[in-house]
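Everything below concerns the one structure shown next.
The values are calculated or read from the model by the stated rules, or taken from the named source; none is laboratory data. Quick caveat, the model's predicted, so the values are computed rather than measured. Heads up, the Cβs are rebuilt from the backbone with ideal geometry, glycines too, and the neighbour counts pull from every protein chain shown.
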Amino acid sequence: MGVTCVSQMPVAEGKSVQQTVELLTRKLEMLGAEKQGTFCVDCETYHTAAATLGSQGRLSLAGQAGKLMYVMHNSEYPLSCFALFENGPCLIADTNFDVLMVKLKGFFQSAKASKIETRGTRYQYCDFLVKVGTVAMGPSARGISVEVEYGPCVVASDCWSLLLEFLQSFLGSHTPAAPAVFGNRHDGVYGPADTMVQYMELFNKIRKQQQVPVAGIR
Amino acid sequence: MEAPPVTMMPVTGGTVNMMEYLLQGSVLDHSLESLIHRLRGLCDNMEPETFLDHEMVFLLKGQQASPFVLRARRSMDRAGAPWHLRYLGQPEMGDKNRHALVRNCVDIATSENLTDFLMEMGFRMDHEFVAKGHLFRKGIMKIMVYKIFRILVPGNTDSTEALSLSYLVELSVVAPGGQDMVSDDMRNFAEQLKPLVHLEKIDPKRLM
């Protein structure tokens, strides 16, 4: 996978989520991007049952209590499953990992109504792959995700300025800063796990937002 | 950051539960060659395959009396091969006439940071060993003849010592549950290996 930047697009003033998505996709089509199917990235949150740590009848107050584990899927990698901890390792496994999570239900409980996903269209523009999706929790749309991948390059520091220029051409003032994951790898090679970390951070940000964010001053 | 509310509702999978059918036996070191020779004749025609694996067994202790066991296995001689995570359930106590040991099994291929991830989940390593031996196939049946080595210094797979003067022989099939034909076929194959090795259904509980 090439270097990818995942960011959130705030909803245009006076418009709905769907209308903003349409505005964006129309801009992309005018640029000359070609529609290439759909995509979906989803995320399920598990809570380590705090009572599993420590001895009987005593809730452990050790640092591990109540850690959150995210299990994510990306339609770009249909046979894979990504499991990660915030600021922790990201495991890439095959889809049988979901079956294992069912077996582990005594130790890891699914956080209530935590399933969040983004769905939308894929656009190919030369070496860029752009995915604009509606982030939804259950039936309610909560925001817009924009993912841009520059296929030919896997070293973030080498192509960030090019990516930034492309992002500015259709996101304008909503262009994001360089993602934090770019600084994480000591060898600088970008991988699919980094994209999933970015989505996890985006989903967490959107979950915390009470309502759909609007561009401009409120 | 406050944790989201927790519920006991499980997330349902939707995939078929696979079972592992297993027969085990052993041969002394000096009988190994004759067994390999016979297996080469009986099994599917393929290049003789050897393996050298390092397996670590992890436990997650919880409120339940018995801890959750996961096995993480990596190849030491095949660079780039994914790590193999395996869950094995309790043996199905059913038909005493069933010829093989049947237990639920989930096999997952993972990236290399598996052990770090398991530790983060709360698992702790219980024991580890090195397995070195031969692999044969006949249709969906897998036959492994291998020696187990004890690791003398934890984490150092170079200094090992053989656990015994014999090789463990395992005949296994991973298939959906309820297929009694599978255990019949396994029993028939096991008959062909007698008297070199006697493969039988060994209940792990009886060994405790």
Residues within region B:88-112 that are surrounded by fewer than 17 Cβ atoms within 10 Å (Cβ to Cβ), in a loop (DSSP other than H, G, I, E, B) and away from every other protein chain (no Cβ under 11 Å), tallied: 7
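Let's see how each residue does on (1) assigned to a loop (DSSP other than H, G, I, E, B); (2) modelled with pLDDT under 90; (3) exposed (fewer than 14 other Cβ atoms within 10 Å of the Cβ):
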| site | (1), (2), (3) |
| --- | --- |
| A:Gly133 | no, no, no |
| A:Val148 | no, no, no |
| A:Trp160 | no, yes, no |
| A:Leu171 | no, yes, no |
| A:Ala177 | yes, yes, yes |
Leading residue by the ranking (farthest from A:Met9 (Cα to Cα)) among those in region A:79-97 that are surrounded by 20 or more Cβ atoms within 10 Å (Cβ to Cβ) and aliphatic (A, V, I, L, M): A:Ala93
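Scanning for something assigned to a helix (DSSP H, G or I) and either aromatic (Phe, Trp, Tyr) or surrounded by fewer than 18 Cβ atoms within 10 Å (Cβ to Cβ) (or both), does region A:3-13 turn up at least one residue?
Taking region A:3-13 and keeping what is assigned to a helix (DSSP H, G or I), we get none.
No, every residue in region A:3-13 fails to be assigned to a helix (DSSP H, G or I) and either aromatic (Phe, Trp, Tyr) or surrounded by fewer than 18 Cβ atoms within 10 Å (Cβ to Cβ) (or both).
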Residues of region B:163-191 classified as loosely packed, with under 14 Cβ neighbours inside 10 Å and hydrophobic (A, V, I, L, M, F, W, C), total: 3
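If you check A:Ser110 against the conditions, is it more than 30 Å from B:Leu118 (Cα to Cα) and at pLDDT below 90? Give the derivation first.
On the way: more than 30 Å from B:Leu118 (Cα to Cα): no; at pLDDT below 90: yes.
Criteria not met by A:Ser110.
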Test result for B:Leu22, within 14 Å of another protein chain (Cβ to nearest Cβ), touching a residue at least 12 places away in the same chain (Cβ under 8 Å) and within 14 Å of the chain's Cα centre (by Cα): no
Output for region A:56-97, where each listed residue is modelled with pLDDT of 85 or more, within 7 Å of chain B (Cβ to nearest Cβ) and not in a strand (DSSP E or B): A:Gly88, A:Pro89, A:Asn96, A:Phe97
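Condition first: of a type in the set (Gly, Ala, Ser), within 12 Å of another protein chain (Cβ to nearest Cβ) and assigned to a strand (DSSP E or B). Now tell me which residues in region B:52-87 satisfy that. First the steps, then the outcome.
Step one: list which residues in region B:52-87 are of a type in the set (Gly, Ala, Ser), which gives B:62, B:65-66, B:72, B:75, B:79-81.
From what is left, the residues that are within 12 Å of another protein chain (Cβ to nearest Cβ) are B:62, B:65-66, B:72.
Result: B:Ala72, single match.
For A:Leu100, are the conditions met, namely being within 27 Å of B:Glu112 (Cα to Cα), within 14 Å of chain B (Cβ to nearest Cβ), in contact with a strand residue (DSSP E or B) (Cβ under 8 Å, 6 or more places away or on another chain) and buried (at least 18 other Cβ atoms within 10 Å of the Cβ)?
Details: within 27 Å of B:Glu112 (Cα to Cα): yes; within 14 Å of chain B (Cβ to nearest Cβ): yes; in contact with a strand residue (DSSP E or B) (Cβ under 8 Å, 6 or more places away or on another chain): yes; buried (at least 18 other Cβ atoms within 10 Å of the Cβ): yes.
Here the answer is yes, as A:Leu100 does meet what is asked.
Results for (1) farther than 18 Å from B:Met144 by Cβ; (2) outside any strand (DSSP E or B); (3) at pLDDT below 90, shown as yes or no for each residue.
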{"residue": "B:Thr157", "(1), (2), (3)": "yes, no, yes"}
{"residue": "B:Glu161", "(1), (2), (3)": "yes, no, no"}
{"residue": "B:Leu168", "(1), (2), (3)": "no, no, no"}
{"residue": "B:Leu171", "(1), (2), (3)": "no, no, no"}
{"residue": "B:Val174", "(1), (2), (3)": "no, no, no"}
{"residue": "B:Asn188", "(1), (2), (3)": "yes, yes, no"}
